[in-house]
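Step one of this worksheet: look at the structure below.
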Amino acid sequence: MLKTKFVFLFLLAILLGAGAVAAFFVYDINSPISREGKKEVVVSPGASVAEIAGELESEGLIRSATTFSWYVRLKGLSSKLQAGQYEVPPNLSLIQIVELLGHGTFDVRLTFLEGWRKEQYLEYALEKLAVNDESFSAEFTSSAKDLEGYLFPDTYVVPVDISASELVEMLRSTFDSKYETEVSSLASASGLTKEQIVIIASLLERETLGGEDEMKTLAGIIIKRWNSGWRLDIDATVQYIVGRHWNAEEDQWEWWKDNLTSADLVIDSPYNTYKNKGLPPGPISNPGLSTLLAVAKYKKNTLYWFYLHGTDGEVHYAETLAKHSANRAKYLVK
């Protein structure tokens, strides 16, 4: 009886141990380890699975060379791994890395955010895709040259080695489709052209994080000031001019400067709405569908001429300059 119990416990321990090993194996092959930028990995012709696994482990792309070797052999993929130079994007699981090395490509999910300028699209794409940074950048810059505002922000599933021109075409064609099906029918009632809607939406995208009502109200104020020959005085247009800059406080490069100086506000540029009346010559960011719709359905005959977003997180409107000045003193206190 005692012997039987011992055998049972021994077998149970073996089963539990095997289960734990299996659970760890499943976790290890499905969970990404790298959270940093792309890593370059060179697979030499004739390299063994163990050598490839060791290179991946040394680059911090996988947790265990042993697990990699087991997985490749269990799947019968030892002869499928191709020699070459790979730029492995971050956040790939072991399974995805094997797929990349076996086929040279797989699909990745890219999420471009509303209000990004095209340079931010490029930086994000370079971070996520397995492409040559220099040639991809040149091709993207050329393909997207006149498309600021028309690269639709959304989530896309694309091949990891997609070309820059293919990516730009996907972004542009999605914009065209969304605009024609959702916005175009509202354009005539707004009295605005497609170009004007996109430009104003690009301003609005950088000016508010509010809901539909706030966006429609702000769009109405912007259009009222424009139609009345007032300067728009929109910070985001100056931020667009300043472009990429070093934020010493955050110790990082940024595209949108939070604290504009008096020198920034007098920069000589057609995009500077503090110096020039009317709309800027083109969009300053890529607006999303809700923002495009808010402009097409902007609030007409609004009583307000001014707005600001206070440190309290709320938007504050004003009918007069005196009221606006009072709002600035009250809600922009540092």
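Some points to look at:
- Some residue of region 266-281 being touching a helix residue (DSSP H, G or I) at 6+ places or on another chain (Cβ under 6 Å), outside any loop (DSSP other than H, G, I, E, B) and among the aliphatic types (A, V, I, L, M): no
- Criterion (part of a helix (DSSP H, G or I) and in contact (Cβ under 8 Å) with a residue 40 or more places away in the chain) met by exactly one of GLU123, GLU166, GLU182, GLU195: GLU182
Every residue, every condition in (1) in contact (Cβ under 8 Å) with a residue 24 or more places away in the chain; (2) within 30 Å of ASP154 (Cα to Cα); (3) surrounded by fewer than 19 Cβ atoms within 10 Å (Cβ to Cβ), yes or no:
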{"site": "GLU254", "(1), (2), (3)": "no, yes, yes"}
{"site": "ASP268", "(1), (2), (3)": "no, no, yes"}
{"site": "ALA296", "(1), (2), (3)": "yes, yes, no"}
{"site": "LEU308", "(1), (2), (3)": "yes, yes, yes"}
{"site": "GLU314", "(1), (2), (3)": "no, yes, yes"}
{"site": "TYR317", "(1), (2), (3)": "yes, no, yes"}
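- Qualifying residue in region 283-296 (condition: over 22 Å from TYR150 (Cα atoms) and in a helix (DSSP H, G or I)): no
- Filter pass, THR291 being surrounded by 14 or more Cβ atoms within 10 Å (Cβ to Cβ), on the phi < 0 side of the Ramachandran plot and among the hydroxyl-bearing types (Ser, Thr, Tyr): yes
- Of everything listed in (1) at pLDDT 80 or above; (2) in contact with a Ser or Thr (Cβ under 9 Å, 6 or more places away or on another chain); (3) surrounded by 11 or more Cβ atoms within 10 Å (Cβ to Cβ), the single unmet condition for LEU77 is (2).
- Residue check for ALA236: part of a helix (DSSP H, G or I), free of Cβ contacts under 8 Å to residues at least 60 places away in the same chain and among the small types (Gly, Ala, Ser): yes
The values are calculated or read from the model by the stated rules, or taken from the named source; none is laboratory data. Predicted model only: the values in this text are computed from it and were never measured. For neighbour counting, all protein chains shown are included, and Cβ atoms are generated from backbone atoms with ideal geometry for every residue, glycine included.
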